[in-house]
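Q: The structure follows.
The values are calculated or read from the model by the stated rules, or taken from the named source; none is laboratory data. Predicted, not measured: the structure shown is a model, and the values here were computed from it. When we count neighbours, we look across all protein chains shown, and the Cβ atoms used for this are built from the backbone with ideal geometry, even at glycine. The protein model used for the area step is the full one, side chains on, heavy atoms only, and it has no ligands, DNA or RNA in it. Shrake-Rupley method; radii C 1.70, N 1.55, O 1.52, S 1.80 Å.
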Amino acid sequence: MDLWADYRRRMPYLVQCRQEVLDGLSRLRSAGWRVGIVTNGTADNQLGKIQCTGLADVVDCWALSDAEGIRKPDVGLFEIAAKWCGMRLSGGGWMVGDNLVKDVTGGRAAGLKTVWINRDAQLFPVNAPRPCCA
């Protein structure tokens with residue numbers, strides 16, 4: 001068995017989403033927000049993670065770069081997610097992500113407010129795009 005192929009098959013089952021995140025997304029939707037996932041990566045792997053973590057039950061849509069043939073930070077992927085959520089980017093919204101270029105730059109170019117999740121306690125790069133919240 002090819003090690004990489006085995007890993008890719010198992011990967012969606014190896015990730016978890018914290019319950020408080022799932023609960024928070026449910027509360028946002030209950031309050032009338034539309035929630036979408038915009039992600040780069042292989043479609044089978046990303047979809048598997050969305051389904052196995054329970055995210056599929058608490059979001060309205062997802063736009064997967066591999067399935068759409070377009071990658072963040074390209075605004076087109078954000079537009080696809082907005083459309084599938086029944087929304088338009090011109091209505092505003094938020095992008096929450098952990099990559100300053102793909103998420104913050106892409107979200108800002110799409111006209112969204114952005115939040116940067118700093119997973120590695122990095123110092124903020126001097127020339128990086130500024131999220132509205134870090």
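Q: Specify which of the listed residues (Gly24, Gly76) is touching an Asp or Glu at 6+ places or on another chain (Cβ under 8 Å), assigned to a helix (DSSP H, G or I) and free of Cβ contacts under 8 Å to residues at least 12 places away in the same chain.
A: Answer to the selection: Gly76.
Q: Also: Could you list, in sequence order, the residues of segment 81-134 that are β-branched (Val, Ile, Thr), modelled with pLDDT of 90 or more and open to solvent by 40 Å² or more (accessible area, probe 1.4 Å)?
A: Let us first name the residues in segment 81-134 that are β-branched (Val, Ile, Thr), namely 96, 101, 104-105, 114-115, 117, 126.
Filter once more, keeping what is modelled with pLDDT of 90 or more: 96, 104-105, 114-115.
Result: Val96, Thr105.
Q: Among the residues of segment 57-73, what is the count of those that are part of a helix (DSSP H, G or I) and within 12 Å of the chain's Cα centre (by Cα)? Spell out how you get there, then give the answer.
A: Just the residues of segment 57-73 that are part of a helix (DSSP H, G or I), to begin with: 57, 65-68.
Checking which are within 12 Å of the chain's Cα centre (by Cα) leaves us with 65.
Selection size over segment 57-73: 1.
Q: For segment 27-53, enumerate the residues that are touching a residue at least 12 places away in the same chain (Cβ under 8 Å), assigned to a helix (DSSP H, G or I) and open to solvent by 100 Å² or more (accessible area, probe 1.4 Å).
A: Answer for segment 27-53, where residues must be touching a residue at least 12 places away in the same chain (Cβ under 8 Å), assigned to a helix (DSSP H, G or I) and open to solvent by 100 Å² or more (accessible area, probe 1.4 Å): just Gln51.
Q: Restricting the search to segment 85-100, which residues are in a helix (DSSP H, G or I) and farther than 17 Å from Asn40 by Cα?
A: If the condition is that a residue be in a helix (DSSP H, G or I) and farther than 17 Å from Asn40 by Cα, then Leu89, Ser90, Gly91 are the ones that fit.
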